[in-house]
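The values are calculated or read from the model by the stated rules, or taken from the named source; none is laboratory data. In this text, all values refer to a predicted model and were calculated from it rather than measured experimentally. With ideal geometry, Cβ positions are generated from the backbone for all residues, glycine too; neighbour counts draw on all protein chains shown. Note: areas computed on protein heavy atoms with side chains; ligands, DNA, RNA excluded. Shrake-Rupley method; radii C 1.70, N 1.55, O 1.52, S 1.80 Å.
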Amino acid sequence: MLSVGASQLLSVTFTPTDAASYTTNTASATINVVKATPSITWPTPASITFGTALGATQLNATSSVPGSFVYSPAAGTVLNVGAAQTLSVTFTPTDTADYNSTSATVAIDVVKA
């Protein structure tokens, strides 16, 4: 596996089994390897009743690589009554040399108590 970096040289040598009729040949090319963007999985949370603070049940995103999550609004926030309120998360991977940070959103409904 190649590391992240620009203009990395790749080469291949073809050696024919019939060396009497064909010659060995080498070809090369350069390739740029860019950082990967990890996926975030975040199921849409069930509706909550007004007065319920946001917690791990709603703020439960996961990623395909290790890292940390920052939610907005944060855990402990009590949202007003309303439909389709946006929750967002920013994910920062532990390995920032090979992976980009990324974000995601979901909607939550807050119903009257």
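Take residue 105 and tell me if it is loosely packed, with under 15 Cβ neighbours inside 10 Å and under 14 Å from residue 39 (Cα atoms).
So residue 105 fits the description; yes.
Could you check how many residues of the range 89-102 are open to solvent by less than 40 Å² (accessible area, probe 1.4 Å) and either more than 24 Å from residue 34 (Cβ to Cβ) or charged (D, E, K, R) (or both)?
So the count comes out to 0.
Scan the range 40-84 for residues that are assigned to a strand (DSSP E or B) and surrounded by fewer than 15 Cβ atoms within 10 Å (Cβ to Cβ) and jot them down.
Answer for the range 40-84, where residues must be assigned to a strand (DSSP E or B) and surrounded by fewer than 15 Cβ atoms within 10 Å (Cβ to Cβ): 41, 49, 53, 62, 68, 70, 72, 78, 82, 83, 84.
Just to be sure I understand the filter: pairs with C-beta atoms under 7 Å, separated by 6 or more residues or on different chains, first member in the range 59-76 and polar (S, T, N, Q), second member open to solvent by 50 Å² or more (accessible area, probe 1.4 Å). Which pairs pass?
Close Cβ pairs (under 7 Å, with a partner that is open to solvent by 50 Å² or more (accessible area, probe 1.4 Å)) amount to 62/41; 63/39; 64/39; 68/92.
Collect the residues in the range 85-113 that are assigned to a strand (DSSP E or B), touching a residue at least 40 places away in the same chain (Cβ under 8 Å), more than 16 Å from residue 57 (Cα to Cα) and under 12 Å from the mean Cα position of the chain (by Cα), keeping them in residue-number order.
91, 93, 99, 102, 103, 104
Among 3, 28, 11, 39, which is the only one that is out of contact with any Phe, Trp or Tyr (no Cβ under 7 Å at 6 or more places or on another chain) and either β-branched (Val, Ile, Thr) or at pLDDT below 95 (or both)?
None of the others qualify; the one that does is 3.
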